Amino acid sequence: MKSGSLVLAAILLFGLLVPNVSAGAVTVKNGLLNATGNLYAGFDGLFVDSVLGRVGIGTLNPQARLDVNGSSLFNGIMNLSNNRIIGLAAPIEASDAATKEYVDAASSGSLGNVTLNVNMPLQGVLNYDALASGGTYYRNTIPISLPKTDCGVKITACFSPPAKMVVGADPVSRVTKTPINAGPGGVAISYTDYSAEYGRPTQPGPYCGSIYGDQNYHGLWCTSASLWCASLSYCCPTSYPNYTITDPLYCYACNSTYANIDPVNHICYNNPRCSAASAGQTYIQYNINENTCIYCASDHPVYDPTSKNCIKNTTITTNSIGGVCSTINTYLPTAFTDVTFLNASDMPVGSTLISVAYNCPSD
């Protein structure tokens, strides 16, 4: 043991008995230890650099405020006060911490041919040979039916290999809401045939067009002064100054508050048509043909208008194999789903000799 260490131990012991004592660069006053020089406690044990204000544990050359060379054990909560942990190595054990970069890469399938770790139990391979029956077509989409959920899969597609694969996993129902800012509704007006009348009709009201442009031949008039001529043979009430030419024609009483016309649902409206998305939801669109506002759950932000379901955004960039095949590794949250192949421009591409190798978690 260094002589300085003996002196320090003696001073500490003496400091417990004597409130004030000093020895060279070390002073004990009122039970407090003050070292004006560097402090050593055992060789490569505890070292305090009084010049740089650094503490080393297991090192005599600390590179930070606290530099620990060796394993650490915490039996309580570690609070980083909203600061970060950096410099993590890639995880090895299942309980190891991982960096954001590693997690992002693993979830996107960009780690290459990683080993899927789901405790290996149920294994199998699904083959989709588009030309096996003598056909000449290629597959753009393949269905996948697995024994259970949360299986790891490795999907390989060859010849016209896709640059991306879209996994249509975990479809959930959409959320719909009634549109807002809806104003007065339209009134349907039927066609009136005046063609049997010759000469100037006796009905009061404004002239309503002529098939031949001749007021004295097949003249067309509205039947009341409370009507106005919207179009050929269609008369709207004077309190409905707007119209759309449909069959039947609709008249509207739009105003400055609801100045726009919806010709499909026959109402006056103002924007926006839909309310903001609720917490945990994403606004998708207003569907004029259904007259409804469509929303998806935030974790299922992609809307499939065919099935009217919301799905996860599961486009995965593939790994090329010799320019002939491409592959992805991922997990499927559902046992039954489909995978669509896209090129780099997000356009459908057909492949053949497709295989899906899978392993599923044990019960």
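Right, Tyr303: surrounded by 14 or more Cβ atoms within 10 Å (Cβ to Cβ), among the aromatic types (Phe, Trp, Tyr) and under 25 Å from Val125 (Cα atoms) or not?
Judged against the criteria, Tyr303 is not a match.
Restricting the first residue to the stretch 340-359 and requiring it to be surrounded by fewer than 20 Cβ atoms within 10 Å (Cβ to Cβ), which pairs with a second residue that is acidic (Asp, Glu) meet a Cβ separation below 7 Å and a spacing of at least six or different chains?
So the pair list comes out as Thr352/Asp129; Leu353/Asp129.
Filter the stretch 288-315 down to the residues that are at pLDDT 95 or above and outside any loop (DSSP other than H, G, I, E, B), then identify the one that is nearest to Thr330 (Cα to Cα).
By that ranking, first place goes to Tyr295.
Which residues, taken from the stretch 115-173, are exposed (fewer than 12 other Cβ atoms within 10 Å of the Cβ), modelled with pLDDT of 65 or more and farther than 16 Å from Ala357 by Cα?
Within the stretch 115-173, Tyr137 is the sole residue that qualifies.
The values are calculated or read from the model by the stated rules, or taken from the named source; none is laboratory data. Here the structure is a predicted model, which means the values were calculated and not measured. Note: ideal-geometry Cβ built from the backbone for every residue, glycine included; neighbour counts use all protein chains shown.
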